[in-house]
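Read-outs throughout are calculated quantities, based only on the coordinates presented, and are distinct from any laboratory measurement. Since this is a predicted model, take the numbers as computed values, not measurements. Virtual Cβ from ideal backbone geometry, glycine too; neighbours counted across all protein chains shown.
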């Protein structure tokens, strides 16, 4: 929990306000049903510019039913933006800045998805409060890799209680323009029960050939441990996916038909070793979604691929050995 | 007036006129590019039971007239509102719409390509044009006034090539 955690809109005088980005992000993992979900609310563009947009994404993947949910976009003034909350007509997330509790709501009857949940932090947070340089612009973030859940999600005709599910939450903010040389790889991986959780992150160019310093953070028990820099190696060979991507929003998917089957990782292998501990993790995606992000004031597009799947891991951290498997979401931005 | 505030659903002709007028207002460069792309070509666009002929007139403004069977056109495209909703909602790819017979396009290849380019110019301008996004929202709102156009999540994409071959009668008897 970060006391005072809040959205970071630019001042009216900030020269780079046009490049403003801010989002609240929640991932849900239910090891019993193997359902995974992403809820995200975002703001972009100078708030005083009538082209600035707010968006709300809710996508849940069911192994036997594929993706449910959709992306909602509206003018920023039409969204209800609080100190640490963004609410659109169909998708909303609010974070209590005192307790860190996350509340999320989704009402997408046309897309057969409804959700109401609260998520309570159940482990230490990860804070990157400084401006981490992207290849163009910068980003900051904080993450809570482990939260317990209450609530339910209705996917199609199925109602799923979330008492035994797990969650990951983060807040990202920064200044960059989609379409510039901005990309990253990020993943969160949750073992079932009280097993470890992992967060992986590295900035790169849009071709994923030149990488910034990688980081792998592990929450095991009540402790958090991070590996970074040369201690972490990651490898994710790419090929056209074997599954059909859910691509949103539909109008942008129609525009970018050359991205129907992009090359995406078919496996992610991470190894971390720093003399005091080591971790090996392998993730394989089983489904994916492509979110096409467009700049609201200048021509530019980014492609955020959300890959859901299973992982296996083993290692030894500070004298504690583990072998764990579970569900994961890997984000591959191009 | 926004269609969503209108007591009736907007017609295809009204939507097309509004789209091109909004493009001209918010992105004159894109509008000019569209003019260069389509030139003096005439296209026939049909959605459900409404069909119109469209062309850019001498003044550069869009001319929309009710389709006449004996009027020559350079290209034709036919679909239905359910397909457009599925496309806008991300449940259907353009190639799937064509291979499944939900979007029919006729004309010389060069003319058809230019019609698609004109559509892409509008799509490309839309993220920076709230008015164009508003028209998309109005269209969805209009469609939902009629329950029969409500979006249903599409079944997983499977065997579009087989669908196309079957439609063309090339599968033979089994």
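Please report how far the C-alpha centroid of region A:195-236 lies from that of region A:12-90, rounded to the nearest whole angstrom.
Measuring centre to centre over Cα atoms gives 24 Å.
How well do other chains shield peptide A:242-250, expressed as the mean number of their Cβ atoms within 10 Å of each residue Cβ?
4
Can you tell me which of A:317, A:35, A:128 moves the most in a GNM of chain A? Springs connect C-alpha atoms under 10 Å apart.
Greatest mean-square fluctuation among the candidates belongs to A:128.
Expressed as a rounded percentage, what relative contact order does chain A have, with Cα pairs under 8 Å and six or more residues apart?
So the answer I get is 14 percent.
Rg (Å, one decimal) plus Dmax (Å, integer) for the alpha carbons of the protein assembly as shown?
In Å, with Rg to one decimal and Dmax whole: 24.0, 84.
What order do you get for A:211, A:189 when you list them from fewest to most C-beta neighbours inside 10 Å?
The order, fewest Cβ neighbours first, is A:211, A:189.
Using Cα-Cα distances under 8 Å and only pairs 6 or more residues apart, what relative contact order does region B:10-144 have, in percent?
So the answer I get is 27 percent.
Quick one: of the DSSP bridges fully inside the protein assembly as shown, what percent are antiparallel, nearest 5?
95
I'd like to compare B:80-93, B:47-60: which one has the highest average count of other Cβ atoms within 10 Å, and what's the full order after that?
Packing proxy ranking, top to bottom: B:80-93, B:47-60.
Could you list, bin by bin from short to long, the percent of Cα-Cα pairs of region B:10-144 in 5 Å steps?
In order of increasing distance, the bins hold 2, 10, 19, 24, 24, 16, 5, 0 percent.
At what distance in angstrom do the alpha carbon centres of region A:130-172 and region B:4-37 lie from each other?
39
In square nanometres and to one decimal, what's the mean projected area of the convex hull around the Cα atoms of region A:202-311?
8.7
Across the residues of A:62-70, average count of Cβ atoms on other protein chains within 10 Å?
2
Please average, across the residues of B:123-133, the number of beta carbons from any other chain that are within 10 Å of each residue's own beta carbon, and give a whole number.
Per-residue shielding by partner chains comes out at 6.
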